[in-house]
1. Stokes-Einstein D for the range 43-108 at 37 °C, 0.692 mPa s, Kirkwood Rh over Cα pairs, in µm²/s?
2. How long is the gain from THR89 to HIS58 if the chain were fully straight, where each residue apart is worth 0.36 nm and the alpha carbon distance is subtracted?
3. How long, wide and thick is the chain, going by the Cα atoms along their three principal axes, in whole angstroms, largest first?
Amino acid sequence: MYNDCTSFLDTYTNTSQTITTGSPLVFNTNRIRAGRSISHQAGSSSINLNKPGIYEIHFNGDAAESGTAGNITVQLYVNGVLQPASEATEDSTATTNTVNLAFDTAVCVTPNCCTCGNSVSLTFVDTGVGAVFSNAEVVIERKR
C-alpha cells in the first residue's frame, strides 16, 4: 500500500484545549498513519518527518479567544524555528466568536551526508492571543 517513498499521516483533536501564547497544539488521535517516513505519538504536540523528501502539510482548526480579544494565530515551527509563510490568522472579538484557521505548506527534509537520512520535528504553535482550539487536524503526505 504505502512504501518508504510515500507516507501519510492524518492526526487530529476533536476536544477543546486551551492554548496559551507560545504553546503548541496537541493532537490526540492518529486517524491514519501509513509508511515509515512520518511519526507521531497520539497525545503529543510533535510530529516527526524521518526521511529526506518533500512533505505536503495541511492544517485546519477552529478556535476562539480565551479571555483577551485579538488575533488568533497558528504557525508551523520546524525544529523550533518559524517556517516562513506557514501560518493562519483570524480576529476573534469574543469568547463566543469561533474562527477557522487553515493553511497549506511544504517542508523539504534534506539528506545528511553523514547518515542515510535526516529528520525534522514539526509543531503547530499559538503565536497570537491565548485561545481555545477544537477540531484541529493536520494531514501530511510525503510526496517523494
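Computed from the coordinates by the stated procedures, all read-outs in this text should not be read as laboratory data. Everything numeric in this text was worked out from a predicted model, so none of it was measured.
1. Using the Kirkwood radius from Cα pairs, D works out to 246 µm²/s.
2. Working: separation 31, 0.36 × 31 = 11.16 nm, distance 1.49 nm.
That pair, THR89 and HIS58, stretches by 9.7 nm at full extension.
3. Cα extents, longest axis first: 49, 27, 20 Å.
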